[in-house]
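Here, each number is a calculation from the coordinates, and none is a lab measurement. All of these numbers come straight from a predicted model, not from anything done at the bench. Neighbour counts are summed over all protein chains in view; Cβ atoms, including those assigned to glycine, are modelled from backbone coordinates with ideal geometry.
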Amino acid sequence: MPPLLFLPRVLMSFAHLLPAVIAISKQAGSAILAVYGQDDFNISHKQDASPLTAADLAAHRVIVAGLQQLTPEVPVLSEESAAVAWSERQQWKRYWLVDPLDGTKEFIKRNGEFTVNIALIDNGVPVLGVVYVPVLQWCYSGARSEGAWIERDATTLPIRVSPIVDGQPQLRVVASRNHRGDELDAWLARVEQQFPQVELVSMGSSLKICLVAEGKADIYPRLALTSEWDTAAAQAVLEAAGGLLVDYDGNEYRYNRKQDLLNPYFYAIGDSTQGLPLALGR
């Protein structure tokens, strides 16, 4: 199987916005933790039966206000926003894509594996992303063509995906804690035929993609539905760290291309030179 090849794009840098966006994500994290410390999360359910808490709404308000102040001319699309008609949204060339609390189920379980996701989309490309982990106070950030970083314990360090060496026996696979299924199990069975040692790590929220970006996992196969706000920020971090997020056919995933906001099945991969997803089959 030949390696996946992608032509570079010339895009303007938005890295100067990162400090302000990181600050907004931390403010949203504080709003989430204020609810996290309460006994009652005031849980309701959306039309798709997914849970909604007071923390989702509190973080949403903080982020939207902050981004509107930072870039008044750029629209904001949040998971908790009122629906925006496709006739309006398809005119957007640049916009913020936000999940105020990614991993609401993890929040309700109180396991700490939830994040604040903020991405800037430019002509369909996630060019800037911030993923903040409120409980741990970790912050992943990335800007296309500039690099990716993690802030942990008051120290900020660059991050980079790990290379896959031809013939290596081990593959580190990160999977959803809540969304396992027959397709993923079948995929894992194929992986185990090619790699004698498969290390499987379960994780919630967009932290799965961030583990690949940080070089702590090689691939995250997502063979179940997600929405665009679930992935955009972490994809920006991953690609800034040298990885890729591709669809089932190996095409780079882009945003705001259709009326619905559902993602196709995808792979977040660290080392794209091996053509890994296609080589492992579907």
Considering segment 15-158, what Rg and Dmax in Å follow from its alpha-carbon atoms? 15.1, 45
Within the chain, which complete DSSP H helices have Cα atoms spanning at least 27 Å along the helix axis and a mean Kyte-Doolittle hydropathy of 0.5 or higher? none
Can you tell me which of 158, 72, 264 moves the most in a GNM of the chain? Springs connect C-alpha atoms under 10 Å apart. 72
So how do 78, 205, 227 line up by other beta-carbon neighbours within 10 Å, fewest first? 227, 78, 205
List nothing, just return the count: lysine pairs in the chain, 8 or more apart or interchain, with Cα separation under 19 Å. 6
The chain, dipole about Cα centre (Lys/Arg Cβ +1, Asp/Glu Cβ -1), debye to the nearest 20: 260 debye
Which of these, 238, 67, 136, has the largest mean-square fluctuation under a Gaussian network model of the chain (Cα springs below 10 Å)? 136
Please list log₁₀ I(q)/I(0) at q = 0.09, 0.11, 0.13 Å⁻¹ for the chain, using the Debye equation with identical point scatterers on the alpha-carbon positions. -0.39, -0.59, -0.84
Using Cα pairs closer than 8 Å and at least 6 residues apart in sequence, work out the relative contact order for segment 23-143, in percent. 23 percent
Among 195, 128, 272, the residue whose Cα sits farthest towards the positive end of the charge dipole of the chain, when +1 is placed on the Cβ of each Lys and Arg and -1 on the Cβ of each Asp and Glu, is 128
Counting only Cα, what are the radius of gyration and maximum Cα-Cα distance Dmax of segment 138-262, in Å? 14.9, 42
